[in-house]
Amino acid sequence: MYYSDFFDYTRQKAGPDALIWSRPVDALDTDTDYFYWEYSPRNVCFAGWVGDQDPEYHGLEIALNHILESARRKYVNFGSDIGGYRTDKSALGRPRDVFLRWAQLGCFCPLMENGGQGEHRPWMFGDDILTLYRVLAVTHTELGPYLYTTGTNAFYAGDSSMTPVEVDSFLLGKDIFVAPIIKNVTSRMVLFPDGALWVGYWNKTISYKGGSIKEVDAPLEEIPAFSRSGSIIPMHVTSPYSMHGDVTSEKAITLLVTHPMHACELSDTHALDRTVSMLEPFEWRTIPVAMPHKCASSHSLHL
């Protein structure tokens with residue numbers, strides 16, 4: 001009742017668009033299993049965090065388990081404290097590699113959040129971590145249109161923005177697949193979701209067939225993340241950090257189109273003023289798009 005009452009009170013005071021930060025699920029950590037409790041009613045949990053974890057790989061694994069359980073229980077949007085909420089009493093409060101691996105997970109959660117005990121400012125972990133963290137933060141922000149659409153559709157459909165795949169990977173929406181690194185390793189086995197070809201989110205030269213099980217390289221600076229072949233992902237790109245555009249894209253809506261290895265043709269009578277033939281696999285380029293949208297005068301389509 002606490003979360004429901006506070007949600008209603010907040011909207012009475014701040015207006016009908018106000019949201020609260022609430023906890024979807026949490027669990028008792030045992031050596032054998034998890035016993036989960038539901039904390040927040042689904043209909044008030046538009047922004048959730050999945051409890052407080054220790055700043056270590058085991059804490060990261062617990063956070064991912066809670067995230068996936070929240071998705072199974074159809075909560076809409078949630079995230080986890082990057083680096084863990086608690087501190088290990090060291091100078092930074094958490095190892096550099098754990099902080100970065102947690103940030104990679106946060107990048108592809110509906111909510112990317114960073115806070116808690118000890119040090120959480122990315123620039124305090126070194127220039128190398130800061131550079132990588134900046135790419136992750138920018139990537140998450142660019143996905144705003146995709147996340148907003150995914151979350152809205154999930155709420156009204158009684159679903160979640162995320163769909164668990166096996167016990168340690170997930171779909172974000174329908175078109176982004178993520179296999180987080182939750183141990184001190186630089187590769188992992190990945191089961192790719194059926195029904196699609198999955199293309200590297202940043203590296204378009206790699207792809208994996210749905211239903212296959214492959215060992216995927218994951219050096220510390222990379223998280224295995226993929227977009228579905230045939231998908232069109234709306235983004236708001238404002239910088240070159242994610243490699244999906246640059247500052248000239250700021251006043252546009254960018255569409256990230258992932259297409260199969262074979263030549264294909266894309267046309268949309270509502271969105272495009274011409275047909276585009278895509279002959280080279282995973283090439284991307286920018287073309288003008290005519291859109292009947294009064295919020296922006298021009299758009300870009302990135303192929």
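The values are calculated or read from the model by the stated rules, or taken from the named source; none is laboratory data. Note that the structure is a prediction, hence the values are computed from the model and not measured. Glycine gets a Cβ as well: all are built from the backbone with ideal geometry, and neighbour counts include every protein chain shown. Remember, those area values only see protein heavy atoms, side chains included, never the ligands or the DNA or RNA. Shrake-Rupley method; radii C 1.70, N 1.55, O 1.52, S 1.80 Å.
For region 174-188, how many residues are of a type in the set (G, A, S) and open to solvent by less than 10 Å² (accessible area, probe 1.4 Å)?
Selection size over region 174-188: 1.
Please specify each residue of region 229-245 satisfying the condition of being farther than 27 Å from T131 by Cβ and buried (at least 17 other Cβ atoms within 10 Å of the Cβ). Steps first, please.
Of the residues in region 229-245, the ones farther than 27 Å from T131 by Cβ are 229-232.
Once the filter is applied, which keeps residues that are farther than 27 Å from T131 by Cβ and buried (at least 17 other Cβ atoms within 10 Å of the Cβ), region 229-245 yields S229, S231, I232.
Looking only at region 216-228, which residues are in a loop (DSSP other than H, G, I, E, B) and either crowded, with 21+ Cβ neighbours inside 10 Å or under 15 Å from the mean Cα position of the chain (by Cα) (or both)? Spell out the reasoning first.
Initially, region 216-228 is screened for residues in a loop (DSSP other than H, G, I, E, B), giving 218-224.
Passing the criteria: E222, I223, P224.
Please indicate, with yes or no, whether at least one residue in region 152-164 is hydroxyl-bearing (S, T, Y) and in a helix (DSSP H, G or I). Before you say what the answer is, go through the steps one by one.
Narrowing region 152-164 to residues hydroxyl-bearing (S, T, Y): 152, 156, 160-161, 163.
Narrowing further to those that are in a helix (DSSP H, G or I): 152, 156.
Taking every residue of region 152-164 in turn, at least one turns out to be hydroxyl-bearing (S, T, Y) and in a helix (DSSP H, G or I).
Among the residues of region 11-40, which ones are assigned to a loop (DSSP other than H, G, I, E, B), at pLDDT 90 or above and over 14 Å from K74 (Cα atoms)? Break it down stepwise before answering.
From region 11-40, those assigned to a loop (DSSP other than H, G, I, E, B) are 15-20, 23-24, 30-33, 39-40; that's our starting set.
After this cut, where a residue has to be at pLDDT 90 or above as well, the list is 15-20, 23-24, 39-40.
If the condition is that a residue be assigned to a loop (DSSP other than H, G, I, E, B), at pLDDT 90 or above and over 14 Å from K74 (Cα atoms), then G15, P16, D17, A18, L19, I20 are the ones that fit.
Quickly run through region 163-189 and pick out the residues that are modelled with pLDDT under 95 and within 30 Å of L255 (Cβ to Cβ).
So the first thing to find is which residues in region 163-189 are modelled with pLDDT under 95, and the list is 166-167.
Of everything in region 163-189, just one residue is modelled with pLDDT under 95 and within 30 Å of L255 (Cβ to Cβ), namely E166.
Listed here are the residues, each with its yes/no results for (1) within 27 Å of Y146 (Cβ to Cβ); (2) aromatic (F, W, Y); (3) touching a residue at least 24 places away in the same chain (Cβ under 8 Å).
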residue	(1), (2), (3)
I20	yes, no, yes
Y36	no, yes, yes
I67	yes, no, yes
W102	yes, yes, yes
P122	yes, no, no
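Go through region 198-210 and give me each residue that's closer than 14 Å to L171 by Cα and either in a loop (DSSP other than H, G, I, E, B) or open to solvent by 60 Å² or more (accessible area, probe 1.4 Å) (or both).
Y201, G210, listed by residue number.
Go over the candidates I67, I62, I129 one by one and state the one that is at pLDDT below 95 and in a helix (DSSP H, G or I). It would help to see each step written out before you state the result.
Working: I67 fails: at pLDDT below 95; I129 fails: at pLDDT below 95.
Unique residue meeting the criteria: I62.
When you go through S297, S277 one by one, which is the residue that is in a strand (DSSP E or B), over 30 Å from E56 (Cα atoms) and either modelled with pLDDT of 85 or more or open to solvent by 10 Å² or more (accessible area, probe 1.4 Å) (or both)?
Values: S297 fails: in a strand (DSSP E or B).
The match here is S277.
Being more than 18 Å from F108 (Cβ to Cβ), at pLDDT 95 or above and in contact with a Pro (Cβ under 7 Å, 6 or more places away or on another chain) narrows it down to one residue among G210, G158, G151; which is it? Outline the logic, then answer.
Numbers: G158 fails: in contact with a Pro (Cβ under 7 Å, 6 or more places away or on another chain); G151 fails: more than 18 Å from F108 (Cβ to Cβ).
On inspection, the qualifying residue turns out to be G210.
Where the second residue is assigned to a helix (DSSP H, G or I) and open to solvent by 10 Å² or more (accessible area, probe 1.4 Å) and the first is over 16 Å from A137 (Cβ atoms) and in contact (Cβ under 8 Å) with a residue 24 or more places away in the chain and lies in region 243-255, which pairs have Cβ atoms under 7 Å and are six or more apart or on separate chains?
From residues that are over 16 Å from A137 (Cβ atoms) and in contact (Cβ under 8 Å) with a residue 24 or more places away in the chain, the pairs are I253/P145.
Touching a helix residue (DSSP H, G or I) at 6+ places or on another chain (Cβ under 9 Å), surrounded by 15 or more Cβ atoms within 10 Å (Cβ to Cβ) and among the charged types (D, E, K, R) - does that describe any residue in region 7-18?
Step one: filter region 7-18 for residues touching a helix residue (DSSP H, G or I) at 6+ places or on another chain (Cβ under 9 Å), giving 7-8, 17-18.
When the remaining residues are screened for being surrounded by 15 or more Cβ atoms within 10 Å (Cβ to Cβ), the result is 7.
Checking which are among the charged types (D, E, K, R) leaves us with none.
Checked against the condition, which is being touching a helix residue (DSSP H, G or I) at 6+ places or on another chain (Cβ under 9 Å), surrounded by 15 or more Cβ atoms within 10 Å (Cβ to Cβ) and among the charged types (D, E, K, R), region 7-18 yields no hits at all.
Residue by residue, here is whether (1) open to solvent by 20 Å² or more (accessible area, probe 1.4 Å); (2) of a type in the set (A, V, I, L, M) holds:
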| residue | (1), (2) |
| --- | --- |
| G51 | no, no |
| L60 | no, yes |
| N65 | yes, no |
| G79 | no, no |
| R86 | yes, no |
| K89 | yes, no |
| G126 | yes, no |
| I129 | no, yes |
| G144 | yes, no |
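All but one of (1) touching a helix residue (DSSP H, G or I) at 6+ places or on another chain (Cβ under 7 Å); (2) among the hydroxyl-bearing types (S, T, Y); (3) surrounded by fewer than 19 Cβ atoms within 10 Å (Cβ to Cβ) hold for S161; which doesn't?
Among (1) touching a helix residue (DSSP H, G or I) at 6+ places or on another chain (Cβ under 7 Å); (2) among the hydroxyl-bearing types (S, T, Y); (3) surrounded by fewer than 19 Cβ atoms within 10 Å (Cβ to Cβ), the lone unmet condition for S161 is (3).
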